[in-house]
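**Student:** The following block contains the structure, expressed as C-alpha cells.
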C-alpha cells in the first residue's frame with residue numbers, strides 16, 4: 001500500500017487514451033494530487049474581469065494525471081476513495097455570455113473572487129457559504145480512440161460535478177482501457193446541485209485518493225457511495241416551485257426567481273445573487289409522473305443567512 005505524489009507538472013486538458021501515464025501505481029495505493037484551479041492557473045486572487053476575458057479557454061479543466069493502475073483492465077471497476085481535499089484559500093466563479101442556466105438573462109461577463117476560510121466563506125455577505133470541497137472531474141480514459149474535450153461527462157466519468165463526492169465518499173468507474181488512466185481536477189470548494197451560473201467555487205487544492213481494482217461486480221457508468229453529513233438545509237429552505245413540460249425551462253424559471261428573491265431581500269446585485277445560487281442552490285426533480293408536466297424545485301438553504 002504505497003503512497004505517491006503527483007504535482008502540477010502532470011497537467012493535460014483533453015481526454016485521450018494515448019496520453020502517456022504520469023504515474024504508475026498498484027491497486028491499494030494512495031496518490032496525493034496537487035491540482036490547479038480549473039483555469040490552469042490563469043485566474044488568480046488578484047484577477048480582474050479584464051484579465052478573465054483574456055484567458056485561454058482551451059486550457060479550462062486542467063487535469064492532473066493520467067495515473068496507470070497496473071492491475072486494471074477493461075471490464076474491471078476502479079474504486080476511488082476520497083481521503084482528503086484541502087482547498088488553497090481562495091476561489092473564483094464567473095458568468096460567461098452564452099453559458100450557464102440563465103444565459104438569456106445574464107449576458108454581461110462577470111468574475112467574482114472568493115476568500116475561503118477553513119470551512120466557510122463570508123465573501124458574499126450576509127450569506128455564509130459552507131465549504132465542502134470535491135473534485136468536479138474524476139475520470140478514466142474513454143474507450144474510443146482520439147482526442148475529446150473535457151466538458152461533457154460520460155460513462156468513463158469525467159466532468160460529473162457531483163457535489164457529494166467530497167471527503168469520505170467513494171466513486172466507482174468502469175475501466176475501459178488497460179491501466180484505467182485516471183485523471184482528476186476542476187476542484188470546487190462549494191457548489192449547489194445544478195451549478196447554475198456555470199461554476200461552483202473553482203479553486204486549487206491538494207487531493208488525496210486511494211485506488212482499488214474491483215472484479216466482484218461490473219458497471220456501465222459511474223456509481224458512488226457517500227458518508228452521512230450535516231445538511232445546509234438543517235435550518236430549513238426556501239423552495240421555488242415550477243411546474244412545466246420542459247424541465248430545463250422550469251429549472252431556469254425557478255432559479256431566476258431565487259436570484260430575484262436574494263437580490264431584493266439582501267440587496268445583492270443580480271450577478272452576485274446568481275453566483276451565490278451556483279454555490280448553494282439545489283435543483284430537484286420533484287415529480288415526473290403527471291401527464292408530461294414535471295415539477296422542478298429550486299431549494300435555497302435558510303442557514304446560509306442565519307447571521
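The values are calculated or read from the model by the stated rules, or taken from the named source; none is laboratory data. Model, not experiment: these values are computed from the prediction. With ideal geometry, Cβ positions are generated from the backbone for all residues, glycine too; neighbour counts draw on all protein chains shown.
**Student:** Among the residues that make up the stretch 206-228, is at least one of them surrounded by fewer than 17 Cβ atoms within 10 Å (Cβ to Cβ), more than 30 Å from residue 144 (Cα to Cα) and more than 17 Å from the chain's Cα centre (by Cα)?
**Tutor:** yes
**Student:** Which members of the stretch 119-136 meet the condition of being surrounded by fewer than 20 Cβ atoms within 10 Å (Cβ to Cβ) and part of a strand (DSSP E or B)?
**Tutor:** 120, 130
**Student:** Something else: Answer yes or no: is there a residue in the stretch 192-200 that is in contact (Cβ under 8 Å) with a residue 60 or more places away in the chain, part of a strand (DSSP E or B) and either surrounded by fewer than 16 Cβ atoms within 10 Å (Cβ to Cβ) or assigned by TED's automatic domain parsing to the domain that holds residue 111 (or both).
**Tutor:** Checking the stretch 192-200: not a single residue is in contact (Cβ under 8 Å) with a residue 60 or more places away in the chain, part of a strand (DSSP E or B) and either surrounded by fewer than 16 Cβ atoms within 10 Å (Cβ to Cβ) or assigned by TED's automatic domain parsing to the domain that holds residue 111 (or both).
**Student:** Sticking with this structure for a sec: Let me spell it out: the conditions are (1) under 19 Å from the mean Cα position of the chain (by Cα); (2) more than 27 Å from residue 269 (Cα to Cα); (3) surrounded by fewer than 22 Cβ atoms within 10 Å (Cβ to Cβ), and residue 88 meets all of them except one. Which number is the exception?
**Tutor:** (2)
**Student:** Still on this structure, I have one more. Among the residues of the stretch 142-176, write down those that are over 14 Å from the mean Cα position of the chain (by Cα), surrounded by fewer than 18 Cβ atoms within 10 Å (Cβ to Cβ) and not in a strand (DSSP E or B).
**Tutor:** The answer is 143, 144, 145, 146, 147, 149, 155, 168.
**Student:** While we're here: Scanning the stretch 253-296 for residues that are surrounded by fewer than 18 Cβ atoms within 10 Å (Cβ to Cβ) and assigned to a strand (DSSP E or B), which turns out farthest from the chain's Cα centre (by Cα)?
**Tutor:** Ranking the qualifying residues of the stretch 253-296, first place goes to 290.
**Student:** May I pose another question? Would you confirm whether any residue within the stretch 181-190 is surrounded by fewer than 21 Cβ atoms within 10 Å (Cβ to Cβ) and either at pLDDT 95 or above or outside any loop (DSSP other than H, G, I, E, B) (or both)?
**Tutor:** Checked the stretch 181-190: no residue is surrounded by fewer than 21 Cβ atoms within 10 Å (Cβ to Cβ) and either at pLDDT 95 or above or outside any loop (DSSP other than H, G, I, E, B) (or both).
**Student:** For residues in the stretch 288-307 being touching a strand residue (DSSP E or B) at 6+ places or on another chain (Cβ under 7 Å) and farther than 19 Å from residue 263 by Cβ, which is modelled with the lowest pLDDT?
**Tutor:** The selected residue is 288.
**Student:** Now a separate question. Take residue 133 and decide whether it is outside the structural domain of residue 278 (by TED's automatic domain parsing), more than 13 Å from residue 203 (Cα to Cα) and in contact (Cβ under 8 Å) with a residue 60 or more places away in the chain.
**Tutor:** Considered against the rule, which asks whether it is outside the structural domain of residue 278 (by TED's automatic domain parsing), more than 13 Å from residue 203 (Cα to Cα) and in contact (Cβ under 8 Å) with a residue 60 or more places away in the chain, residue 133 comes out as no.
**Student:** Let me ask something else about it. Being in contact (Cβ under 8 Å) with a residue 60 or more places away in the chain and assigned by TED's automatic domain parsing to the domain that holds residue 164 is true for just one of 209, 283, 239. Which residue is that?
**Tutor:** Within the list 209, 283, 239, the selection yields 209.
**Student:** Here's something else I'd like to know. With the condition being over 19 Å from residue 78 (Cα atoms), I'd like the strands (runs of 3 or more DSSP E) fully within the stretch 1-66 carrying at least 2 qualifying residues.
**Tutor:** Because the criterion is at least 2 residues that are over 19 Å from residue 78 (Cα atoms), the strands (runs of 3 or more DSSP E) in the stretch 1-66 that meet it are 30-35.
**Student:** When the residues of the stretch 97-118 are filtered to those that are part of a loop (DSSP other than H, G, I, E, B) and under 17 Å from the mean Cα position of the chain (by Cα), which remaining residue is nearest to residue 166 (Cα to Cα)?
**Tutor:** Taking the candidates together, the pick is 116.
**Student:** Every residue in the stretch 72-85 that is surrounded by 18 or more Cβ atoms within 10 Å (Cβ to Cβ) and not in a strand (DSSP E or B), please.
**Tutor:** Within the stretch 72-85, 72, 76 meet the criteria.
**Student:** How do the pairs read when you match residues in the stretch 88-103 that are closer than 13 Å to residue 274 by Cα with residues anywhere that are at pLDDT 95 or above and assigned to a strand (DSSP E or B), using Cβ under 6 Å and keeping only pairs 6 or more apart or on different chains?
**Tutor:** Once the first residue is closer than 13 Å to residue 274 by Cα and sits in the stretch 88-103, its partners that are at pLDDT 95 or above and assigned to a strand (DSSP E or B) give 93/112; 94/111; 95/110.
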